[in-house]
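Colleague: After the structure tokens below, expect a handful of questions from me.
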Amino acid sequence: MLVAGRPVELQRTERRVVARSLLCSHFGCTVAWHEERQAYLCPCHEGVYDASGAVIAGPPPKGLASVPVIVAGDDVIVGA
């Protein structure tokens, strides 16, 4: 999904809904989840993030950014 023109991923657990930016914190390239490696990979400079969005390898200076989420009844508002 896009929020303000930027790629964001939503994850729903039993207790909550969370969202994270899919833009690498190093250079802003779009990362993608790779099931076989169980990691988000950046195609630009080989940044690697774990399932929680924390940096585990490469040049990114910080993890993937959280995006605010509000759940109001049946509605999920992202980026509020």
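Rule-based calculations on the coordinates, nothing more; no lab input. Worth saying up front: this structure is predicted, and the values here are computed from it rather than measured. FYI the Cβ positions are ideal-geometry reconstructions off the backbone, even for glycines, and counts take in every protein chain you see.
Colleague: Using the Karplus equation 6.51 cos²θ - 1.76 cosθ + 1.60 (θ = phi - 60°), what ³J(HN,Hα) coupling, rounded to whole Hz, does each residue of the range 53-68 give in order, writing x for Gly and Pro?
Modeller: Coupling constants for the range 53-68: x, 7, 5, 10, 6, x, x, x, x, 7, x, 5, 6, 6, 10, x Hz.
Colleague: Quick query: amide H of Gly63 versus all other amide H atoms, modeled in the peptide plane; which residues come in under 5 Å with a sequence gap of 5 or more or a different chain?
Modeller: It is Val55, by chain and number.
Colleague: Please list, by residue number, every one of the trypsin sites (Lys or Arg not before Pro) in the range 1-78 that is coil in DSSP and has at most 12 other beta-carbon atoms within 10 Å.
Modeller: Listed in order of number, the matching sites are Arg15, Arg16, Arg37, Lys62.
Colleague: Of Ser66, Ser52, Ser21, which is the most mobile in a GNM of the chain whose springs link Cα atoms less than 10 angstrom apart?
Modeller: Per the Cα network of the chain with a 10 Å cutoff, Ser52 tops the list.
Colleague: Which label marks the calculated value of mean projected area of the Cα convex hull in nm², given the options [x] 5.6; [y] 8.7; [z] 6.7?
Modeller: Only one listed value fits the structure, namely [x].
Colleague: For the chain, which chymotrypsin sites (Phe, Trp or Tyr not before Pro) pass both filters: DSSP loop (anything but H, G, I, E, B) and at most 14 other C-beta atoms within 10 Å?
Modeller: Phe27
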